[in-house]
1. Could you grab me the full set of residues in region 217-246 that are over 19 Å from LYS295 (Cα atoms) and surrounded by fewer than 19 Cβ atoms within 10 Å (Cβ to Cβ)?
2. In region 232-303, which strands (runs of 3 or more DSSP E) lie fully inside it and hold 1 or more residues that are among the β-branched types (Val, Ile, Thr) and farther than 23 Å from LEU167 by Cα?
3. Scan region 210-231 for residues that are in a loop (DSSP other than H, G, I, E, B) and within 17 Å of HIS273 (Cβ to Cβ) and jot them down.
4. Looking only at region 199-210, which residues are within 17 Å of ALA96 (Cα to Cα) and surrounded by fewer than 18 Cβ atoms within 10 Å (Cβ to Cβ)?
5. Among all residue pairs at least 6 apart or on different chains, which show Cβ distances below 7 Å where the first residue, located in region 197-215, is farther than 10 Å from ALA289 by Cβ and the second is in a loop (DSSP other than H, G, I, E, B) and of a type in the set (Asp, Glu)?
6. With respect to the numbered conditions (1) assigned by TED's automatic domain parsing to the domain that holds GLU107; (2) part of a loop (DSSP other than H, G, I, E, B); (3) touching a strand residue (DSSP E or B) at 6+ places or on another chain (Cβ under 8 Å), which one is the sole condition not fulfilled by ALA181?
7. Based on what the data block shows, is THR298 of a type in the set (Ser, Thr, Tyr) and either in the same structural domain as VAL97 (by TED's automatic domain parsing) or in contact with a Leu (Cβ under 7 Å, 6 or more places away or on another chain) (or both)?
8. For region 94-142, give me every one of the strands (runs of 3 or more DSSP E) that falls completely inside it and has 2 or more residues that are free of Cβ contacts under 8 Å to residues at least 40 places away in the same chain.
Amino acid sequence: MAVTRTTSMLRPDYGGCDDGRGSRKCNPRMGARVGGRRASKRSFGVESGSVAAKRAGSGKFLLVGAVLAIQFVGAAAISSKVGSDIQVDFKMPKEAVVGASIDLRCEWKITGGSGLYSVKWYKDDHEFFRFLPDSSQRTQIFPRPGVKVETRPNSEKKSIKLKDLVLESSGQYKCEVSTEAPSFATTYQTANLTVILPPESGPEITGLSLHYAVGENVTATCIAWPSVPKANLQWNINDEPIPRENVVPQPPMMGQSNGGIPNSLGLRLETEHRHFMGDGKLVKIKCIAEVGSRKYETERKVQMAYVNNQRLSAGDHMNATAPNIRTDLLAKLLTAIFALVLFTT
């Protein structure tokens, strides 16, 4: 309102040309004596004030925009400065097993004349190790669950060692490097670690017979030992993935006291001629368990059986020839007895 008033008071008083009846054929110099013209004068002043208010609003908008632009440029300049003063290269394994030790290495390069102020290490944004080269206590360790730092002689502390890893050691790790004056720059890099509990051995396959005839149903179950994360199971037949419709999901299994979780997966399919390979007519059935980046495999070989007066499998052939063997022995025994009787008489 103050701007409106100020603007309207500064405007010249020669715009009262309305006689109150819509006519603009009045004398501008008589505006001060005619009531209607004074009203028009006041109306003109409000209208001018409105325009001034719009201009004032535009001015405020431009001013705010200019301030934000300056702040943005300043922030961009700081980010660029930080990036140009420090280069950080953080390296660590992506995966490790429970009980293992790993090295975390943070290489940095500082330019622009600034010195090193600190190197800080974090797990999930919680600091667990600090190196201050110019401090009376150059290194500090802060306790964190799942983080056990092994101290080692290293003047620059560009690497640290974590030992006795546990499942809780999994998470995001960060190396942060800061400089002294004049830049006071800070740069960091992050990396993720997954700690796994591998199974004690490869998966087990249960329910398979030693031989199957073409057209016979095959049912089996693959059981993976407890692990963290839970093993991802899949079936292969002759080194080819088995179609999803032949895979039978199993109910979840109870976890173990060490956190490991077992898993199982069923198989059901009807054998075909294409499944049996080679002269021995064998089919290879394999179960694969994936835990993290590791694979564990178990394979079983099944022999083809023949029916309908065809060649039988080894087991069936022995069962079929057993009666013939007994008949031959009986015939030989009877012949010997008959010969003995004739000899004695």
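1. Residues satisfying the conditions are ASN217, THR219, PRO243, ARG244, GLU245, ASN246.
2. 232-237, 247-249, 282-291
3. Here is the first cut: in region 210-231, the residues in a loop (DSSP other than H, G, I, E, B) are 210, 214-216, 229-231.
Across region 210-231, the qualifying residues are VAL214, GLY215, GLU216.
4. Within region 199-210, GLU200 is the sole residue that qualifies.
5. Close Cβ pairs (under 7 Å, with a partner that is in a loop (DSSP other than H, G, I, E, B) and of a type in the set (Asp, Glu)) amount to VAL214/GLU272.
6. All conditions are met except number (3).
7. Details: of a type in the set (Ser, Thr, Tyr): yes; either in the same structural domain as VAL97 (by TED's automatic domain parsing) or in contact with a Leu (Cβ under 7 Å, 6 or more places away or on another chain) (or both): no.
In short, no.
8. 126-131, 139-141
The values are calculated or read from the model by the stated rules, or taken from the named source; none is laboratory data. As the structure is a prediction and not an experimental result, all values here were calculated from the model. Because the Cβ atoms are built from the backbone with ideal geometry, glycine has one as well, and the counts that use them run over all protein chains shown.
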